[in-house]
Amino acid sequence: MTPPEPPEDSSPDETPRRDFLSSLAAIFVGGIAALPPLVIGAVAALDPLRRGGGDGGMVMVTRLAGVPDTGAPRKFGITSTRSDAWTTYRSAPIGAVYLRKEGDAVVALHTVCPHAGCFVGVKSDESGFACPCHGSSFAIDGAVDDPDSPSPRGMDALDVEIRNGDEVWVRFQNFLPGREEKTPV
């Protein structure tokens, strides 16, 4: 009796070629499977560049007629478009500012106390600002007016632009409380 002969379709010379082709196919399929997470990661990393911010972070707050001519501060809410994860909120409240006129200029002060982040109110006689949390006191221009005040700095001034003759635009941003230097969040 003679032993059975091996099938003729698999010669020893073809085995390395088959291994190479199956390795190549595995690399190709793995590369295709890895592509979507890599693209999504790149889009997420470049998202701040895509959003841009063509107005430089400026938000229209009011018109000049809405700011009292007396120099007294008036509080204005700030609304802007805000996005998180999957949702975009149009005209969402993001904070507030006090606006007042100094001659022809408009001054904007943030409503948050630089000491601990509480909201600052206008004194009843409109001569300045007071924080109800820890007793910080500020002059009408936002400077600390009491040497015993716990606030490490004056109220945070914000950039203001007058556009189109009567629109008051403010560069609204928040700052870290409890520090002497004005550090944006």
Checklist entry - Is it fair to say Asp84 is over 17 Å from Val160 (Cα atoms), loosely packed, with under 10 Cβ neighbours inside 10 Å and among the charged types (D, E, K, R)? => result yes
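Here's the yes/no breakdown for (1) within 18 Å of Thr111 (Cβ to Cβ); (2) modelled with pLDDT under 85:
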{"site": "Ala45", "(1), (2)": "no, yes"}
{"site": "Leu49", "(1), (2)": "no, yes"}
{"site": "Gly54", "(1), (2)": "no, yes"}
{"site": "Val61", "(1), (2)": "yes, no"}
{"site": "Ala65", "(1), (2)": "no, no"}
{"site": "Phe76", "(1), (2)": "yes, no"}
{"site": "Ala85", "(1), (2)": "no, yes"}
Item to check | Flag if Leu99 is part of a strand (DSSP E or B), in contact (Cβ under 8 Å) with a residue 60 or more places away in the chain, closer than 16 Å to Val61 by Cβ and in the same structural domain as Arg74 (by TED's automatic domain parsing) | outcome: yes
Checklist entry - Name the residues in the range 138-149 that are surrounded by fewer than 17 Cβ atoms within 10 Å (Cβ to Cβ) and farther than 20 Å from Ala108 by Cβ, would you? => result Asp146, Pro147, Asp148
Checklist entry - What are the residues in the range 135-184 that are among the aliphatic types (A, V, I, L, M), assigned by TED's automatic domain parsing to the domain that holds Lys101 and assigned to a loop (DSSP other than H, G, I, E, B), if any? => result Ile140, Ala143, Met155
Item to check | Complete set of residues in the range 115-134 that are touching a residue at least 24 places away in the same chain (Cβ under 8 Å), in contact with a strand residue (DSSP E or B) (Cβ under 7 Å, 6 or more places away or on another chain) and not in a strand (DSSP E or B) | outcome: Val120
Checklist entry - Asp166 is checked against (1) surrounded by 13 or more Cβ atoms within 10 Å (Cβ to Cβ); (2) touching a residue at least 24 places away in the same chain (Cβ under 8 Å) and fails just one. What number does that condition carry? => result (1)
Item to check | Unique residue being of a type outside the set (D, E, K, R) and over 20 Å from the mean Cα position of the chain (by Cα) when the list is Ala108, Ala143 | outcome: Ala143
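The values are calculated or read from the model by the stated rules, or taken from the named source; none is laboratory data. Predicted, not measured: the structure shown is a model, and the values here were computed from it. Quick reminder, even Gly has a Cβ in these numbers, built from the backbone with ideal geometry, and neighbours come from all protein chains shown.
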